[in-house]
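Since the structure comes first, as structure tokens, the remarks are kept for the end.
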Amino acid sequence: MDRYCPEETILASNTSTFLSSEIGRKVEKKERFVITHWFNPPHIVPVVKVVWGESTSEEVFRLSYELMKKIGKKPIKVLKEVPGFLINRIQTAMLREILFLLEQGVADPEDIDAGVTNSFGLRLAVLGPLRTIDMAGLHPWCKGVQNLFPSLDR
């Protein structure tokens with residue numbers, strides 16, 4: 001891409017899990033490589049992750065973030081590259097537990113999907129998980145998870 005694009009061109013990947021340091025390994029000017037991951041369906045879901053890779057310049061990160069805002073998206077800053085970045089890690093952790101519950105026969109797929117979409121799925125559209133903890137109260141929430149964490153799938 002370095003050969004075909006002017007130097008001021010930002011090179012962006014839509015990857016949801018691969019690190020920019022891995023997929024951008026052959027990019028000569030690594031400071032212009034950034035990840036801007038859109039969620040499906042992108043015409044409905046407003047969030048775009050803007051991931052600061054280990055070589056991404058501050059200017060490229062800022063310009064990419066501002067461009068997402070300018071085109072009407074809701075960019076979120078991921079300040080450090082880790083496998084799966086941010087949202088995919090959260091989503092995969094939930095999916096791991098869902099598959100465990102399904103395997104254990106706790107509920108059938110239809111009830112699992114209905115339970116998620118009609119309970120915390122609705123709540124998460126209005127309140128994020130950390131705000132939910134704040135509303136519940138940190139002390140009662142801590143007591144609850146101390147009981148629950150040991151039984152979750154690892």
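Just so you know, all these numbers are worked out from the coordinates, no wet-lab data involved. All of these numbers come straight from a predicted model, not from anything done at the bench. Neighbour counts run over all protein chains shown; Cβ positions are idealised from the backbone, glycine included.
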Next item on the list: Averaging sequence separations of C-alpha pairs under 8 Å and six or more residues apart, then dividing by the length of the range 1-114, give the relative contact order as a whole percent.
Entry: 22 percent
Check: If Lys and Arg each add +1 and Asp and Glu each add -1, what is the summed charge of the other residues whose beta carbon sits under 14 Å from the beta carbon of residue 137?
Finding: +1
Checklist line | Angle between the chain longest axis and helix 138-148 axis [Cα atoms, degrees, rounded to 10] | finding: 80 degrees
Check: What 222 nm value per residue comes from the helices of the chain, counting each DSSP H run with n ≥ 4 as -39,500 (n - 2.57) and dividing by all residues, nearest 500 deg cm²/dmol?
Finding: -13000 deg cm²/dmol
Note to self: Based on alpha-carbon centroids, what's the gap between the range 133-154 and the range 87-102 in Å, whole number please?
What the structure shows: 17 Å
Next item on the list: Work out the P(r) tail for the chain: percent of alpha carbon pairs separated by more than 26 Å, whole number.
Entry: 42 percent
Item checked: Given 49/70; 49/74; 49/69; 30/69; 49/73; 49/80, the pairs whose alpha carbons are separated by over 19 Å -> 30/69
Checklist line | Efficiency of FRET from Cβ geometry, residue 77 and residue 100, R₀ 25 Å, rounded to 0.05 | finding: 0.20
Notebook entry, point to check: If R0 is 41 Å, what FRET efficiency do you get for residue 58 and residue 119 from their C-beta distance, rounded to 0.05?
Noted result: 0.50
Notebook entry, point to check: With Cβ to Cβ distances under 15 Å as the rule, what net charge do the other residues near residue 44 carry (K, R +1; D, E -1)?
Noted result: +2
Check: Of all DSSP beta bridges located in the chain, what percent are antiparallel, nearest 5?
Finding: 35 percent
